[in-house]
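J.: This structure is in structure tokens; I'll ask about it shortly.
The values are calculated or read from the model by the stated rules, or taken from the named source; none is laboratory data. Bear in mind that the values here come from a model prediction, so they are computed numbers and not experimental data. Heads up, the Cβs are rebuilt from the backbone with ideal geometry, glycines too, and the neighbour counts pull from every protein chain shown. To get the accessible areas, we keep the full protein, side chains included, count just its heavy atoms, and leave off ligands, DNA and RNA. Shrake-Rupley method; radii C 1.70, N 1.55, O 1.52, S 1.80 Å.
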Amino acid sequence: MFRISLLTIVLAASLGGCSTSQERRVANGNFDYVQEQQRGSLQIPEGLATPNRGKDYDIPKLGENAPRDLVGERLDVLSPALVLPLVTGSHVEEGQRNASIYFDQVDDSVALDTSVWNSLISYLEEQGIGVEDFNKEEGRLVTDWMLMTEELDSGWFDWTTTERSVGRRFEFVLDVKPHGRTAILNVELKDYMETIGEQVRSAADLDAESRRRNEVDVLNKVINHYETQLKIADAKRIRQIRQGMGMELGFNADGDPAFVVEGDYELTWTRLQLVLRKLGFNVKDLDKSNGLLFVSYEGPEDSWWDRLWSSNEGLPMDREDYRLKVAKMGGKTSITLMDDESNPLSADLLTNIYASFSQTMSASNLDI
């Protein structure tokens, strides 16, 4: 008898905890407050002083455009929809109502607008969503229908399920600032169709908060996809840098003696800084846009233990300031070593230091 009673209690508690999606949108409990009438002010008997009354708990007056019918079960208590700026260099503006996000240029290897559009289109392709219209020059993309179907649980007293189908179409607008280093991606809900059983809702039936919730939902998914792509690209780039790169003696585009690296400019630029540090150079300043590094040679930083068991005296060059010019050469990259007055170093000196540079440049798993 005791076991049956306990099972009944557990089953009742479990069923009592079930609720439909609509019930989760509204507050629990009753809504008797909507029937309450405004009470009069406190009446002070004659001959007594009126107590001081603070205004800390005064209810502010409704504005002229405030929706006065949003009370009781008509009032959603869901948390506000927030745009999540997960991508490095992204941010949102305080108090902005429309679903939009700001992107700042972080990686100069790809134009900012190209990077954002590529990520958005990649997300749509991954989700199997078509593109109805895309004009990069106008900064506008309109999606085809995004379809979603789910089964809704009924209350604990009803064991049946109801199918909910939602179709949405969105317009994405990318506004790039004249300098090209900041872009604003905005999304707007264009069409909406929802069916729950025999009930049908269209975009005209949505209030402002519901529209924003749909817009923020898809924007956050696009942002999350963008951020994941960047992480994958960074991991791939780091792996390529650590693998090492082949190098040979040659000439730059001006015919000056130079090192020629078998790698593109972006990878070589980062790899070279690791190589310089390993060989005992101190990078004092750099200008990636012009391919210039300003360094000083200080020799290898060996400990007394290393010096005891080896005779590594460093490179056969003076310990002074130098400049390096990094430039693209088709699919390869040239590195020209110069003195502090931008005069290229001699071919003999480059030949003497080539072995150390080449060995370090091609070494795998170089510390980052």
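J.: Using only DSSP helix segments of four residues or longer, with each worth -39500 (n - 2.57), what per-residue ellipticity at 222 nm results for the chain after dividing by its residue count and rounding to 500? Numbers along the way, then the final one.
T.: Numbers: 6 runs with 103 residues, N = 368.
Here the helix-only value at 222 nm equals -9500 deg cm²/dmol.
J.: Which shape class applies to region 224-368: rounded if a/c is under 1.5, otherwise prolate when a/b exceeds b/c and oblate if not, where a ≥ b ≥ c are the square roots of the Cα gyration tensor eigenvalues?
T.: Numbers: a/c = 1.84, a/b = 1.25, b/c = 1.47.
Because a/c hits 1.5 or more and a/b fails to exceed b/c, region 224-368 counts as oblate.
J.: If contacts are Cα pairs under 8 angstrom and at least 6 residues apart, what is the relative contact order of region 218-368 in percent?
T.: Values: 243 pairs, mean separation 43.8, N = 151.
Relative contact order here is 29 percent.
J.: Follow-up. Kindly report the accessible area of the chain per residue (heavy atoms of protein chains, probe 1.4 Å, no ligands, DNA or RNA), in Å².
T.: Details: 24420 Å² over 368 residues.
Ligands and nucleic acids excluded, the figure is 66 Å² per residue.
J.: Carbon and sulfur: what percent of the chain's accessible surface (1.4 Å probe)? Could you put the intermediate results ahead of the total?
T.: Values: 12170 of 24420 Å².
Carbon with sulfur: 50 percent of the solvent-accessible area.
J.: So, taking all protein chains as they sit and a 1.4 Å probe, how much accessible area belongs to GLU298, in Å² rounded to tens?
T.: Approximately 100 Å² for this residue.
J.: Just one of (1) 33; (2) 13; (3) 49 is percent of Cα pairs over 40 Å apart calculated from these coordinates, so which is it?
T.: (3)
J.: How high is the relative contact order of the chain, in percent, counting Cα pairs under 8 Å that sit 6 or more residues apart?
T.: Over the chain, the number comes to 12 percent.
J.: So what are the ³J(HN,Hα) numbers for region 41-53, from phi and the Karplus equation (6.51, -1.76, 1.60; θ = phi - 60°), rounded to whole Hz, Gly and Pro as x?
T.: Whole-Hz 3J(HN,Hα) from phi for region 41-53: 6, 5, 8, 9, x, 5, x, 10, 6, 6, x, 5, 10.
J.: A follow-up question, please. Using a cut-off of under 20 Å, list every residue of region 86-113 whose amide N is near the label point 7 Å from the Cα of GLU64 along the Cα-to-beta-carbon line.
T.: Residues passing the 20 Å test: none.
J.: Of LYS288/LYS325; LYS288/LYS328; LYS177/LYS284; LYS278/LYS328, which pairs sit farther than 21 Å apart, going by alpha carbon to alpha carbon? Show your work: numbers first, answer last.
T.: Working: LYS288/LYS325 10 Å; LYS288/LYS328 12 Å; LYS177/LYS284 33 Å; LYS278/LYS328 23 Å.
Those over the limit are LYS177/LYS284; LYS278/LYS328.
J.: Taking the Cα centre of the chain as the origin and placing charges on Cβ (Lys, Arg +1; Asp, Glu -1), which of GLN37, LEU206, TYR354 is farthest toward the positive end of the dipole?
T.: Working it through, the farthest residue towards the positive pole turns out to be GLN37.
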